[in-house]
Amino acid sequence: MGNVGRRAARGKRLTRRARTPDCRAVLVPTAARRLTAFGLGAAALVGVVFLTRAPAPGLDDDAMSYLGAAMSLVHGHGLRVPTADWYDADTTSALGHFPPGFSLALAPPVALGMPPVQAARLIEAVSALVTVGGAAWLLFPESLGAALLVALLIAVTPDVALDHARVLSEPLFLALLVVTVVLAARRRGRPWEAGAAAAAAGLVRYAGFALAGALAVIEFLDPGAFRARARRAALAVVPTVVVDGAWLLLARHHGAAVRHIAWRGALGPAWGEAWGTLRAWLVPAPLAGPLGAALACLALAGLALLARAAARDAESDPGATRRLAIVAGVMGACYAAFLVAARAIADPWIPFDGRLLSPLFVLAALVAAAGASRGWRAWPAAGRTALVVGLAAWSAGSARLTIGVAADVSGDGWGYSGEDFLAGGTAGWLAAHADGRAVFTNNTAAAWFVTGRPARGLPQAGDDDATVAAFGDTLRVRRGVLVGFGSGDAALVPPDALARRLGLRLLARLGDGRVWDAPVPLVLAAPRSGP
């Protein structure tokens, strides 16, 4: 067959394929889709590398658990956190408050010689590639514009940027969330694949259990006989039950404090926190009072219209975009319900802030981009104008805040990598004088980041005098120092109160803390008898 014949045959094949419902995906060749999605993801990777350059990334108490457990695993001591109670013989404790997924991901680069913080930068940068690139690839069947838009919406969301600017498990969790959505939306009939991704997400954050529940709901709502739907739902949750259940049993076996389930009280304050976070995301501008609330409600109504457009059936779409809207909606609802339940029965201190709600923002970006593409083809000129103005205003405001986040974190650092902490004085005293001394403190993470050695905590607020006296004896026997940081765990006895009650000696009065020790009493030798 000559060139003319081959071109004619290829034209016929394209014509036949263009008549299929998924013609938009055909018009963008698969290789080009993959290359474009990878390019967008690579841009996100470079952005995270730039965002986390020194003095970033930000470090906090959670980062101590992730990094410390990874280092402990590499050194052959298992998943252990470099902190313990004051009365413990060991200076470390079993990891359990957080699942092990992020620490397990950090372990290979640390084992190859990479410093732990740099390993965290690597994992978070690759996670950004997967999150943005996966979201863009997922939206290509809708349109190229939708793929570009979802990458923009995720990249300029301030809370998502702040997640990637700190050593946190959220970036890896967001990547696994997108992978789970991709598999659930585009690989129908294979629930175990999405279930495996959900199980991995559950190993990174306990809130990932909600993804397995969402997959079970999605599979059960799909058409088919009851037995087939029940079987698919079971296959979707089996990986989480097996993998994450095994982790919980292992953590309990090693005495880790995972969570104590009991009713924790009213949820009233939680709703205010959630609305404040949602409003700040919907209206990325310093507008308070009724005007800010009204604009937030208007933006929420616009998001609902985009979700409706994404879920609408169309002749040119065999349900792919509608499937995406359903998957994202069910996952968002299950994730939100899990957070509410966790706050009610597991941990009353769970904040409904931008960090915990960032997965909802990523899911909303997927639905909004799909709905914008669908609405652009279906809405009249006035609707298109409103869409452009709304998305442009939101993107500009969010980008301004995100640039501010980047400048703040990369300029002065954040948390224990910040200038304020490092220049406060207490960190400098520890670095210079803590060698060979056992450290007891109200901020074990701060002590670990400065000295690289585990530290012990203090008695709990409300402990009786006998417990406080026992703490003093332990401090004296271990020849330790009591380090009181200006900010620490409020559930502990304040260090200055301990020092007064125990009569400790003040070693250093610093700008952001104090240091005491317990002088060892002089023991006189008993008089000798006889000649």
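For the stretch 243-366, a/c is not less than 1.5, where a ≥ b ≥ c are the root eigenvalues of the C-alpha gyration tensor, and a/b does not top b/c. That puts it in the oblate class. Starting from the Cα of ASP496, move 7 Å in the Cα-to-Cβ direction to define the label point; list residues of the stretch 399-426 whose amide nitrogen is under 20 Å from there. Within reach of a label on ASP496: 421, 424-426. Applied to the stretch 453-463, the Karplus parametrisation 6.51 cos²θ - 1.76 cosθ + 1.60 on θ = phi - 60° returns per-residue 3J(HN,Hα) values of 10, x, 10, 9, x, 10, x, 6, 4, x, 5 Hz, with x for Gly and Pro.
In a fully extended conformation the segment linking ALA378 and VAL238 would gain 46.3 nm over its present Cα-Cα distance, using 0.36 nm per residue. Applied to the stretch 199-214, the Karplus parametrisation 6.51 cos²θ - 1.76 cosθ + 1.60 on θ = phi - 60° returns per-residue 3J(HN,Hα) values of 5, 5, 5, x, 7, 8, 9, 4, 5, x, 4, 5, 5, 5, x, 5 Hz, with x for Gly and Pro. The share of alpha-carbon pairs in the chain lying farther apart than 37 Å comes to 39%. Residues whose amide H comes within less than 5 Å of that of ASN442, counting only those at least five positions distant or on another chain, are VAL483, PHE485 (H built at 1.01 Å from N in the peptide plane).
The stretch between SER487 and PHE38, if pulled fully straight at 0.36 nm per residue, gains 157.4 nm over its current Cα-Cα span. For the stretch 276-315, the residues whose backbone nitrogen is under 15 Å from a point 7 Å from the Cα of ILE403, taken along Cα to Cβ, are 285.
Once every DSSP H run of n ≥ 4 in the chain is given -39500 (n - 2.57) and the sum is divided by its residues, what mean residue ellipticity at 222 nm do you get, rounded to the nearest 500 deg cm²/dmol? So the helix-based figure for the chain works out to -21500 deg cm²/dmol. Taken over the stretch 396-438, the percentage of Cα pairs per 5 Å bin, counting from 0 up to the bin with the maximum distance, is 5, 20, 17, 15, 14, 9, 8, 6, 4, 2, 1.
Applying 1/(1 + (r/R0)^6) with r as the Cβ-Cβ distance of VAL468 and ALA285 and R0 = 41 angstrom yields a FRET efficiency of 0.25.
Between the amide H of SER93 and those of VAL81, THR83, distances stay under 5 Å, these residues lying 5 or more places away or on another chain, with hydrogens modeled in the peptide plane.
Taking the DSSP bridge list for the chain and keeping only pairs wholly inside it, about 65 percent are antiparallel. Axis angle, to the nearest 10 degrees, between helix 465-477 and the longest C-alpha principal axis of the chain: 80 degrees.
Applying both filters, DSSP loop and at most 10 other Cβ atoms within 10 Å, to the chymotrypsin sites (Phe, Trp or Tyr not before Pro) of the stretch 339-429 gives TRP349. Within the shell defined by Cβ-Cβ distances under 14 Å, the residues around SER93 carry a net charge of -1, with Lys and Arg each +1 and Asp and Glu each -1. Projecting label points 7 angstrom from Cα along Cα→Cβ for ALA392 and LEU221 puts them 3.5 nm apart.
The ALA230 and ALA31 beta-carbon pair, evaluated with R₀ = 35 Å, returns a calculated FRET efficiency of approximately 0.35.
Rule-based calculations on the coordinates, nothing more; no lab input. Predicted, not measured: the structure shown is a model, and the values here were computed from it. Backbone-built Cβ (ideal geometry, glycine too); neighbour counts: all protein chains shown.
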